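Asks: Input: one structure, supplied below.
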Amino acid sequence: MGRILERGSIAPGFTLRVTPDQNLTLSELTGHPVVLSFYPADWSPVCGDQLALYNEILDEFQKYHAELVGISVDGAWCHAAFAKARHLHFPLLADFEPKGAVAKKYGAYREGEGVCERALFVLDKDGVIFWSYRSPIAVNPGADGILDALDEMARRGDGHDHVESTSGTAGSRSGR
Amino acid sequence: MTMLKVPVGPRDHVLGDEHAPVTLVEYGDYECPHCGRAHPIVKEVLRRFGSEVRFVFRHFPLTQIHPFAESAAETAEFAGAHQLFWKMHDGLFENQFRLGLPLFFELTKLLGLSTSELQTALETGAYTPRVRSDFMGGIRSGVNGTPTFFINGHRHDGTYELADLVLSIDNALMSVSTSAGD
């Protein structure tokens, strides 16, 4: 298993299908922090589902003007059905053809299984990786790492000029 | 190790002896079937450990996949405002299969509370911030699904089966008594 791209690397650019007839290019998001969430597959079990969790805190990401996108090797039609069934309100990108090409650039592809790793990347407004984390494939990494990274970025002024509000515990940090 | 970021405080719903050496915190969702299954297990844990364990329940509703989870949590908070949180909590979990407004009103009536007050509270979102605050505290503590338990501030990464919870609590009790003897 390779290593995922780490802090300080420039996030490789990409253009991927976001709906059956629309593309999304990473550079379109420049100017905002971006959260890339690579995940193995649509339709994983519900209660512990990572994307369902992120879906609940989109307003928190908004506070940092951060854009969240999910990426897996599932096709655009599959993503559309999945997003509809789970009421997901953020884009899911299809790293479908050539399969896993973007995930490979981020070191987030599992060759044997042909799926993305469960990997998170927080990019600053200039498209540089500020934080990255690979979770064991069966473990939902939660959202605390992402929010801690966005907090740290906001404090340093790397991500965006200001954060409108942060929750009570935002200032504290412990090792992960 | 993942730690609880929001300490147990006066805002929390606490069941059991306030001086208990072990505090068990659950982040849960009234519509989550796993939480429903864990509910009697938690009761059994509390029965076994008696005054050694106190229990705290915090809301973690996944509202986009569980349409009644948020209003159930707010209904529990409404009852909590009348010191009847735990009665409502039990009623919601024990009747999880028919979770919904009719149940919320039925339980409210059973507890002798006003259903029109509940209706107003739900419509105005009186308890929405409270539930959200529990949820975000959970997010910050690394809660990634429900139920998630913390035992004396440490996330319990085992299952919610009785044997697993008992083992973790036994360990916590042991480390409390060890550090007390230092």
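The values are calculated or read from the model by the stated rules, or taken from the named source; none is laboratory data. Here the structure is a predicted model, which means the values were calculated and not measured. Neighbour counts are summed over all protein chains in view; Cβ atoms, including those assigned to glycine, are modelled from backbone coordinates with ideal geometry.
Asks: Select the helices (runs of 4 or more DSSP H) contained entirely in the range A:50-124, then report the ones holding at least 1 residues which are at pLDDT 95 or above and more than 11 Å from chain B (Cβ to nearest Cβ). Break it down stepwise before answering.
Replies: On the way: elements: A:50-56, A:58-63, A:76-86, A:101-105.
Per the criteria, A:58-63, A:76-86, A:101-105.
Asks: What are the residues in the range B:44-92 that are of a type in the set (Ser, Thr, Tyr) and part of a loop (DSSP other than H, G, I, E, B), if any? Let's see the steps before the verdict.
Replies: Of the residues in the range B:44-92, the ones of a type in the set (Ser, Thr, Tyr) are B:51, B:63, B:71, B:75.
Correct list: B:Thr63 only.
Asks: Quick one: count up the residues across the range B:47-67 that are surrounded by 20 or more Cβ atoms within 10 Å (Cβ to Cβ) and more than 14 Å from every other protein chain (Cβ to nearest Cβ).
Replies: 5
Asks: Restrict the check to the range B:136-153 and report whether at least one residue is loosely packed, with under 14 Cβ neighbours inside 10 Å and either farther than 30 Å from A:Asp148 by Cα or within 14 Å of another protein chain (Cβ to nearest Cβ) (or both).
Replies: No, the conditions are met nowhere in the range B:136-153.
Asks: While we're here: Collect the residues in the range B:112-135 that are over 30 Å from B:Leu4 (Cα atoms) and crowded, with 16+ Cβ neighbours inside 10 Å, keeping them in residue-number order. I'd like the intermediate steps shown before the answer.
Replies: Of the residues in the range B:112-135, the ones over 30 Å from B:Leu4 (Cα atoms) are B:112-120, B:123-124.
Within the range B:112-135, B:Leu113, B:Leu118 meet the criteria.
Asks: While we're here: Could you tell me whether any residue of the range B:23-41 is over 20 Å from B:Asn95 (Cβ atoms), surrounded by fewer than 24 Cβ atoms within 10 Å (Cβ to Cβ) and of a type in the set (A, V, I, L, M, F, W, C)? Step through it out loud before you land on a result.
Replies: Of all residues in the range B:23-41, those over 20 Å from B:Asn95 (Cβ atoms) come to B:23-25, B:27.
Going one step further and asking which of them are surrounded by fewer than 24 Cβ atoms within 10 Å (Cβ to Cβ), we end up with B:23.
With the extra rule that they be of a type in the set (A, V, I, L, M, F, W, C), the set shrinks to none.
No, the range B:23-41 contains no residue that is over 20 Å from B:Asn95 (Cβ atoms), surrounded by fewer than 24 Cβ atoms within 10 Å (Cβ to Cβ) and of a type in the set (A, V, I, L, M, F, W, C).
Asks: While we're on this one: A:Val46 passes all but one of (1) over 19 Å from A:Tyr106 (Cβ atoms); (2) among the aliphatic types (A, V, I, L, M); (3) in a loop (DSSP other than H, G, I, E, B); (4) at pLDDT 95 or above; which number fails?
Replies: Status for A:Val46: all satisfied but (4).
Asks: Within the range B:72-90, how many residues turn out to be more than 14 Å from chain A (Cβ to nearest Cβ), of a type in the set (Gly, Ala, Ser) and crowded, with 22+ Cβ neighbours inside 10 Å?
Replies: Restricting attention to the range B:72-90, the residues satisfying the condition of being more than 14 Å from chain A (Cβ to nearest Cβ) are B:72, B:74-90.
Imposing the further condition that a residue be of a type in the set (Gly, Ala, Ser) reduces the set to B:72, B:76, B:79-81.
Pick out the ones that are also crowded, with 22+ Cβ neighbours inside 10 Å and you get B:72, B:76, B:79.
Total meeting the criteria: 3.
Asks: Identify all residues within the range B:1-36 that are outside any loop (DSSP other than H, G, I, E, B), of a type in the set (Ser, Thr, Tyr) and within 14 Å of another protein chain (Cβ to nearest Cβ); write none if there are none. Reasoning before the result, please.
Replies: Residues of the range B:1-36 outside any loop (DSSP other than H, G, I, E, B): B:3, B:13-15, B:22-28, B:33-36.
Imposing the further condition that a residue be of a type in the set (Ser, Thr, Tyr) reduces the set to B:23, B:27.
Once the filter is applied, which keeps residues that are outside any loop (DSSP other than H, G, I, E, B), of a type in the set (Ser, Thr, Tyr) and within 14 Å of another protein chain (Cβ to nearest Cβ), the range B:1-36 yields only B:Tyr27.
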